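Quick note: the coordinates plus some simple rules give every number you see, no bench work behind them. The structure presented is a predicted model; accordingly, all values stated were derived computationally and were not measured. Positions of Cβ are backbone-derived with ideal geometry, glycine not excepted, and every protein chain shown enters the neighbour counts.
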Amino acid sequence: MKKVIEKILIFIFIILLSLSFIVLGSGYNMYKEAIKDAPLNKKVEEIKEKNNYTTLDEMSDIYKKAVVAVEDHRFYEHGGIDVIAIGRSIWNDLKAMSFVEGGSTITQQLAKNIYFTQEKELTRKVAEVFMAFTIEDNLEKDEILELYLNTSYFGDGYETVKEASRGYFEKEPINLTDYESVMLAGIPNAPSVYAPTVNIDLSKQRANQVIEAMIKYKIIDKEEANKLFEEGKEYSFNFN
């Protein structure tokens, strides 16, 4: 009986190993085809030619810090993927038996935004990792962040920080209040839910999650956070 169980386990291991190689190979081929059809430098040029392309200098410091805190707090430390985040997401996905958590870095999200679909497919995730390594090898971190913020969707048809800032708050990005900056940072996670024009209460709840992430990763202290929480309680949104 013991030998039978051992043989079954070995067979399962071989099957899983074979499937892993198949997925890895398919993902790599997807990456190679994508980069061949549209080289990275051309993709970057296309993005920077967009109307209302927003440079990091046009964004407030707190906005940029809020984005990194809530999306990828080790962004300036990793080389394209965050092994810790991936391990956590795999564990949570296995427990749920579904893709409930992505674990994607800002670099991976940029790769997805400009090259791949938003579907949660394993082969696409592998291709996304290969593309993230290519992006990290060719671009500086600040340029990656800037490109990501100009390829994210903010709801209501807004595809850049400048468009969203003007559309939602009637201000240039650099002139947003600290709380508005935090609110804007939280929208791309789920624009159909967190856009202030959809539900201001949910938008505020998401802003609070961003503030809590900034506290957790020591980007702001408790005093600064309390000021933001208070501003949020008093904040009223008027959309024309």
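Can you tell me how much longer the chain between residue 230 and residue 55 gets when fully stretched, taken as 0.36 nm per residue apart minus their C-alpha distance, in nm with one decimal?
60.0 nm
Once fully extended, how much extra length lies between residue 223 and residue 77, figured as 0.36 nm per residue of separation less the alpha-carbon to alpha-carbon distance?
49.9 nm
In a shell of Cβ-Cβ distance under 13 Å around residue 233, excluding residue 233 itself, what net charge do Lys and Arg (+1) and Asp and Glu (-1) give?
-2
For the stretch 153-240, what is the Kirkwood estimate of the hydrodynamic radius, computed as the reciprocal of the mean inverse distance between distinct Cα atoms, to one decimal in Å?
Over the stretch 153-240, the inverse of the mean reciprocal pair distance is 13.0 Å.
Could you give me the ³J(HN,Hα) list for the stretch 167-177, computed from phi with Karplus coefficients 6.51, -1.76, 1.60 and θ = phi - 60°, whole Hz, x at Gly and Pro?
Karplus values, whole Hz, x for Gly and Pro: x, 7, 10, 6, 9, 6, x, 5, 9, 5, 5.
Place a label point 7 angstrom from the Cα of residue 209 along the Cα-to-Cβ direction, then list the residues of the stretch 149-192 whose backbone nitrogen is under 11 Å away.
186-191
Given 0.36 nm per residue, what is the gain on full extension from residue 202 to residue 141 after removing their alpha carbon distance, in nm?
18.9 nm
Listed highest first by mean packing, meaning other Cβ atoms within 10 Å per residue, what order do 192-201, 107-116 come in?
Numbers: 192-201: 16.5, 107-116: 23.4.
In descending order of packing, they fall as 107-116, 192-201.
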